[in-house]
Each structure stands twice: as structure tokens, then as C-alpha cells.
Amino acid sequence: IEEKLPILIDSIFDEESGSRKKRLERAESLSTLLISRKNTNQEYMNKIINFAIDSINNGEIIYICALIIALSKHLEQDKAVLIFQQLESIARTETHSTELNSVLHTMKKLMKLYSIDAYDFVLDILNGKIKYFDGLPVYTVQDPNTMIFLFVAKYVHQFPQKSGEICSKLIEFVPNISYVLLPSILEPLEAGISHNVISSQNLVQLSSFVLD
């Protein structure tokens, strides 16, 4: 396979070598193969990373996210930030739960690995200012598998010093959230408690909401 690697890697850029989905799957397989080796060929990796970046805004987002996750530990900081920003733009306009969950899961991983601060984006999520909510409050979310609160929880863990207002907002939502999603919204609040960013007054309020 060694002598075929350059051809295989170049083929991911060739539209005649398969659909976008097929080429993304091929890129993921090639990146996994390269990463599994003792000495990763950085030139080949950079080609695949550039292919991922060029592909982000062209559809098949679930396959793009799978490729980015495969590459996630092998990015330079500036590339990681660029990918994160492009994914954030998609997350702001995505209206389908499965695709949004995939994007947020990928952003969550990048935020952890590269300490990328997404404060404004987190606040916009909580204020219902992404298209997925169509102007409705975040507590109206109905998807039991939503990644929204896990994404916010990761932010609170990464940037606790900036998470006081975020936790306060989440506490306000608790009385209105569906019973099914109560464990989900408690994830970021547990993170806030563990980092001591929730005031004792808010803790009392949270306890009364949960126990009611």
C-alpha cells in the first residue's frame, strides 16, 4: 500500500474518483492509517487536513465531522481554530438535530483539545439565537439525544471563570424543561457546582426547582 499512498491521498481531491461522501470516507480511512503508524507522514496528513477544511461548507457534514474527529489530535492550533469557527457558522444555521449534534460533538472535542473559547456562541445558544430554535427558548428542545447541554458542560469545565452567567441562565430554565431532558440540563450545572461558579443563593434555587 506504501507506493499507492500518494495516489490514494491525491484521489480525495479528484471529483471523478467518487462522490463527496465516498471521498470523505476514504480520507477518514487514510488518516486513521497514517495516525496508526509510528512515524506519521506530516505532508500526507496536511493534505487530508486541507481537504477537510475545504470540504466543510460543501455538504455531507456528518462525514466531515467524522473526518475532523479522526484528525483532531493532529491539528496545528490555527487550523483547529479555523475548523472550529467554520463549524460554529454551520451550527448557527443548522435546523436538523442529527447534523447539529454531530457538529456540536466535534466542536466539543476541539474546544477541549485546543482550549478554544466559544463564550459568545454558548450565550447565543442559551438565548435561542441559533436557527435550530427558531426564536424559541432553549428549554423547548425536544431531542432526548441533544448535544447542546453536553457542549455547554464542556465549556463550563474548560472556562469556569467565565461560566457564572451561563449557569445562572441554565438554572432559570430548569422549571420549564421537560422531565426527559432534566438530566441533560443538569450536566453543565454539575460542572458549575464542581468548579464553584454557582452562588449559594442559586444553589438553593436549583435545589428547590429539582425537588419540586
Degrees, to the nearest 10: 77-93 long Cα axis against longest axis of the chain: 60
Rounded to 10°, Cα long-axis angle of helix 182-194 versus longest principal axis of the chain: 90
Difference of contour (0.36 nm per residue) and Cα-Cα distance, TYR119 to ILE7: 36.1 nm
Scattering profile of the chain at q = 0.16, 0.17, 0.19 Å⁻¹ [log10 I(q)/I(0), Debye over alpha-carbon scatterers]: -1.01, -1.09, -1.27
Calculated FRET efficiency for the pair HIS105/GLU165, C-beta based, R₀ 22 Å, to 0.05: 0.35
Pair ILE193, VAL210: separation of 7 Å Cα→Cβ label points (nm): 0.3
R0 of 35 Å, Cβ-Cβ distance ASN176-LYS73: FRET efficiency to nearest 0.05: 0.35
Value of [θ]222 nm, deg cm²/dmol, for the chain, DSSP H segments ≥ 4, -39500 (n - 2.57) each, nearest 500: -20500 deg cm²/dmol
Mean separation of Cα contacts under 8 Å (6+ apart) over length of the chain, as relative contact order %: 14
Global form of region 91-212, assessed from the alpha-carbon gyration tensor, a/c cut-off 1.5: oblate
Under 19 Å from LYS4, Cα to Cα: aspartates and glutamates that are on another chain or at least 8 residues apart: ASP14, GLU15, GLU16, GLU25, GLU28, GLU43
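Bear in mind that the values in this text are calculations on the coordinates, not laboratory data. Bear in mind that the values here come from a model prediction, so they are computed numbers and not experimental data. All Cβ positions, glycine included, derive from the backbone under ideal geometry; neighbour counts span all protein chains shown.
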